[in-house]
Amino acid sequence: MPEALAPTRSAALRVVVDAVIDDINVSPRELSAALETLGIRGSSQECVREHVHRAHSEHARLRRREHELAALFSSARELAEVRDGELLLERLVRRTHEILGCDVTYLSEFDRETRELRVRTTIGAYSTEFRHLLVPAGCGLAGQIAETRMAHWAPRYSEYLEDRRAADVDRAVELEGIVSILGVPMRSGDDVLGVLFVATREERSFTPEQIALLSALADHASVVLQTAHMLRNLQRSEDEARGALERLTGHLAERDRSNLVHQKLLRVVLGGGGFGRLVRTLSSALGRAVTVVDGEDRVIASSARTAPGTRAVISPEIRAAIAAGSVSGHCQVLDRQGPGGDHGEAVGAVASMRAGDQDFGALLLGRLVDVAQVDSVIALTENAVVNYTVDGEVARHTGNRHPWVRPYELFPCKDGHVFFGAYTDKFWRLACELFGDAELAADPEIDTMRKRFDEGVYERRVRPVIARWLAGRTAAELERMAGDVLPLTVVKSIKDVVDDPATAERDMVVSVEHPGFGAVRMFGQPIKLSETPADAGRPAGAVGEHTDVVLQALAGYDPDKIAGLRAAGAI
């Protein structure tokens, strides 16, 4: 034997031991040389070589098993320490992926109601279809595992049972290039919680040890899912209990409030406060508008200051509710979206006032919007009112101008008028630049808002400049120039206002069918109520259209008498 291949006995023993326990491969030639040195030859050498090979395989298996057990212990430790279920599942799937050395590892959760399996966590998958795969009940390898509660695998998925295949599942598997799949159930007693899978993109057989390891990891995943289910159920129970407590608390608060209101009303009645005080007390306690009407729908008292004697227009729905309350003796709650009576009132509840067979009317509870034309006009005179109430100054006529700032008025342009309101220093500077007179912004006589407000200075220096800027340009041209930089807008004609898309969008001009003229465009409602949509109603009646109705309802005339009056020319 050559010198290089003739190791000493100790070196030869080291080679044999390395061949058994080391990851570094010892070549057959090196092993033979070591055995020759130890005096082992012929058939004995073949027998020893076979034992060394089996010992090496067993040692490798034990080392792999040690690694797997360490992974299981780590997973078990995380189950006890980590409370985030999603994080635990992701770590478990990733650990499974690393230990078994597969291309794709994923976990599907079982839906007990639909019996579908939805992919929840994946490692190694790159297609969207696979990461969000939903396996129908009973389909695919997942369905078979869920039904049998046993591990199953397919060395070649393309040759898997035809009757269990599903098109969407096949497409997802094909996109991933998966060939072999192994899956084990995640169970809690007899219930299947899901399936843990490993898959490869080339054909592979799975050993019993690998199946056992995957099953152990699936048991850990089952604990995570079961804990998550329990936490969800606990959270649901806590939410239901909190909701019940809130409802009970609300009920007790309403009961206490009702008792307090009852005591207040009792004091009003015993003190002889009358309807007015009763209505104000009830309205204040409930935070709602309250109106009392008599049996002929005339207002007796109202928290909205509606004049007593005003006839309320009661809708059929409210009248039906009053009738029902008269029979039952209980308050009737109306649909919040339902129509209401007049005076802008959307009635939410009614209570009939009845004693025996005698009907005294009803109490109407609603959400009142009391709008008067005079109130609106006063609100629009904001400056004049404040000047008078604070300084005692009575406003004088100012035309289109503003009493406190200048310029802030209408100016003529080439084809009409525009409103121009560049009164602040910033707007004045921008206007000067826009219209080519930038030097005016620095003119010491008109460079501040206070100086420009002086009426003499304004008439002499400012107004003529603005008139020059605007007179030679059309309204559309000026509006384009100003854009959203300057406060300038076109003064529209009535035709422009009516035909403006914004007017139509706000339902301020609506079409109403007139019996004599067909479709007529008229004003819509300027006040928009979210729970009581405005209705344009009907056009104004023709002359004498309601004569018969009025004479029958108010004068008690029968049709024959009305016909006689009409024949005599009296009506």
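The values are calculated or read from the model by the stated rules, or taken from the named source; none is laboratory data. Being a predicted model, the structure only gives us computed values, none of them experimental. All Cβ positions, even for glycine, are placed from backbone atoms using ideal geometry, and neighbour counts span all protein chains on display. Quick note on the areas: whole protein, heavy atoms, side chains included, nothing else; ligands and nucleic acids left out. Shrake-Rupley method; radii C 1.70, N 1.55, O 1.52, S 1.80 Å.
Things to note:
- Distance between the 7 Å Cα→Cβ label points at Asp359 and Phe419: 5.1 nm.
- Phi angles of the stretch 437-446 translate, via the Karplus equation with coefficients 6.51, -1.76, 1.60 and θ = phi - 60°, into HN-Hα couplings of 10, 4, 5, 5, 5, 9, 4, x, 7, 9 Hz per residue; Gly and Pro are given as x.
- Accessible solvent surface per residue of the stretch 371-473, calculated while the other protein chains remain in place, 1.4 angstrom probe, Å²: 62
- In the stretch 246-305, Cα pairs under 8 Å separated by at least six residues give a relative contact order of 24 percent.
- Sequence-distant residues sharing a close amide H with Arg473 (under 5 Å, placed H): Lys414
- Tilt relative to the chain, helix 9-21 - C-alpha long axis, 0 to 90 degrees, to 10: 40
- Folded to 0 to 90 degrees: helix 208-270 orientation relative to the chain principal axis, Cα: 20
- The charge dipole of the stretch 257-302, taken about its Cα centre with unit charges on the Cβ of Lys, Arg, Asp and Glu (plus for the first two, minus for the last two), comes to roughly 340 debye.
- Placing +1 on each Lys and Arg Cβ and -1 on each Asp and Glu Cβ, with no other charges, gives the chain a dipole about its Cα centre of roughly 1220 debye.
- Considering only Pro444, Thr122, Ile178, the residue lying farthest towards the positive end of the dipole of the chain is Pro444, judged by Cα position with unit charges set on Cβ.
- Taking amide H as placed 1.01 Å from N in the peptide plane, Val509 has its amide H under 5 Å from the amide H of Gly524, each at least 5 places away in sequence or on another chain.
- Computed from phi, the 3J(HN,Hα) profile of the stretch 544-555 under the Karplus parametrisation 6.51, -1.76, 1.60 (θ = phi - 60°) reads x, 4, 10, 4, 4, 5, 5, 5, 6, 6, 9, 9 Hz, with x in place of Gly and Pro.
- Positive minus negative residues near Thr249 (Lys, Arg vs Asp, Glu; Cβ under 12 Å): 0
- Compactness of the stretch 391-471 was expressed as the Cα radius of gyration divided by 2.2 N^0.38 Å, which yields 1.12.
- Sequence-distant residues sharing a close amide H with Arg201 (under 5 Å, placed H): Asp103, Val179
- Among residues other than Glu409 with Cβ under 11 Å from its Cβ, the summed charge is +3 (Lys and Arg +1, Asp and Glu -1).
- Between the stretch 161-176 and the stretch 199-259, the alpha-carbon center distance in angstrom: 30
- Cα Rg over Rh - the stretch 120-203, Kirkwood: 0.93
- Mean separation of Cα contacts under 8 Å, 6 or more apart, over the residue count of the chain: relative contact order %: 6
- Dipole of the chain, positive end: most advanced residue of Ile466, Val520, Leu87 [Cβ charges, Cα centre]: Ile466
- Crossing angle, helix 425-434 versus the chain [Cα axis fit, 0-90 degrees, rounded to tens]: 80
- In the chain, a dipole from Cβ-located charges (positive for Lys and Arg, negative for Asp and Glu) runs towards its positive end, and of Ser315, Tyr157, Leu234 it is Ser315 whose Cα lies farthest in that direction.
- Here Glu439 sits with roughly 120 square angstrom of accessible surface, probe radius 1.4 Å.
- Rounded to whole Hz, the Karplus (6.51, -1.76, 1.60) HN-Hα couplings of the stretch 310-317, x for glycine and proline: 5, 7, 7, 8, 8, 5, x, 5
- Gap separating the Cα centres of the stretch 132-152 and the stretch 270-305, nearest whole Å: 70
- Size descriptor, Kirkwood hydrodynamic radius, that averages inverse alpha-carbon separations across the chain, Å: 36.0
- Check: the stretch 271-337 dipole with +1 on Lys, Arg Cβ and -1 on Asp, Glu Cβ, in debye: 280
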